[in-house]
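**Student:** Just dropping this structure here.
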Amino acid sequence: MNFKISEISAWYKTASGKINAQLIIDTVNNAFHASHDQNIIYIGPYSLMKEIISKNYNFNSFYISLDKNADIKAKIHSLPFQESTVNCVILVNTLDTEESPHAVFREVDRILTDDGKLIISGFNKISFLGLCSFLPLKSIFRHKKYISISRLSDWMSLLSYDVKYIFNSPSGK
């Protein structure tokens with residue numbers, strides 16, 4: 001069973017979740033700066049996306065979700081954009097919540113321009129948080145599917161992406 005967006009959103013309200021959220025927000029904001037002519041898609045927990053969008057907002061920025069706060073309500077498997085029309089897609093925990101993350105990856109690839117940027121943040125089993133899944137503690141990290149960095153690299157290679165940076169926070173994000 002994969003993560004549910006509701007349990008991830010609730011986890012980001014905890015002390016360790018808030019620390020990780022700030023690390024993600026800072027990393028994305030340092031790695032990416034929106035220009036006014038870019039089409040940017042944000043997908044992930046609303047609380048994090050709201051913070052990231054506030055620092056990178058332009059008139060072509062859209063938060064995609066089935067959530068009531070979405071700019072565009074859509075499923076990640078069928079994004080309402082033409083091929084090669086989006087300059088940047090930011091996915092935070094999106095691959096963690098999907099039953100078919102590879103299909104999500106293909107849909108994002110469909111809408112990204114040839115020189116588009118893809119920023120992915122997700123949980124890493126080889127991290128402090130991932131180690132919690134092995135302990136007999138009640139945790140959202142137990143019995144979950146994790147996508148390894150090597151698998152993501154394989155998908156990126158298959159779709160001809162160049163990996164520019166891999167950021168690891170102290171917690172393995």
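**Student:** Could you say whether any residue in region 109-117 is touching a His at 6+ places or on another chain (Cβ under 9 Å) and either surrounded by 14 or more Cβ atoms within 10 Å (Cβ to Cβ) or over 21 Å from VAL163 (Cα atoms) (or both)?
**Tutor:** Within region 109-117, not a single residue is touching a His at 6+ places or on another chain (Cβ under 9 Å) and either surrounded by 14 or more Cβ atoms within 10 Å (Cβ to Cβ) or over 21 Å from VAL163 (Cα atoms) (or both).
**Student:** Further, regarding this structure: Looking only at region 74-89, count every residue that is surrounded by 12 or more Cβ atoms within 10 Å (Cβ to Cβ) and within 17 Å of the chain's Cα centre (by Cα) and tell me the total.
**Tutor:** Going through region 74-89 one residue at a time, the tally reaches 9.
**Student:** Going by the conditions given, is ILE76 under 21 Å from VAL28 (Cα atoms) and not in a loop (DSSP other than H, G, I, E, B)?
**Tutor:** No: the conditions fail for ILE76.
**Student:** Starting from residues that are of a type in the set (S, T, N, Q) and at pLDDT 90 or above, keep the ones in region 6-19 and report whichever is surrounded by the most Cβ atoms within 10 Å (Cβ to Cβ).
**Tutor:** Only one residue tops the list, namely SER9.
**Student:** For a quick check of your reading: which helices (runs of 4 or more DSSP H) sit entirely within region 2-69 and have at least 3 residues that are of a type in the set (S, T, N, Q) and over 15 Å from LYS117 (Cβ atoms)?
**Tutor:** Filter on region 2-69 gives 15-31.
**Student:** Further question: Tell me the residue from SER9, SER84 that is under 24 Å from VAL163 (Cβ atoms) and polar (S, T, N, Q), please.
**Tutor:** The unique qualifying residue is SER84.
**Student:** Continuing with the same structure: Considering only residues that are surrounded by fewer than 19 Cβ atoms within 10 Å (Cβ to Cβ) and within 13 Å of the chain's Cα centre (by Cα), look in region 24-46 and name the one that is farthest from SER100 (Cα to Cα).
**Tutor:** THR27
**Student:** Any residue in region 12-19 that is under 29 Å from HIS143 (Cβ atoms), in contact (Cβ under 8 Å) with a residue 12 or more places away in the chain and in contact with a Ser or Thr (Cβ under 7 Å, 6 or more places away or on another chain)?
**Tutor:** Checked region 12-19: at least one residue is under 29 Å from HIS143 (Cβ atoms), in contact (Cβ under 8 Å) with a residue 12 or more places away in the chain and in contact with a Ser or Thr (Cβ under 7 Å, 6 or more places away or on another chain).
The values are calculated or read from the model by the stated rules, or taken from the named source; none is laboratory data. Here the structure is a predicted model, which means the values were calculated and not measured. Because the Cβ atoms are built from the backbone with ideal geometry, glycine has one as well, and the counts that use them run over all protein chains shown.
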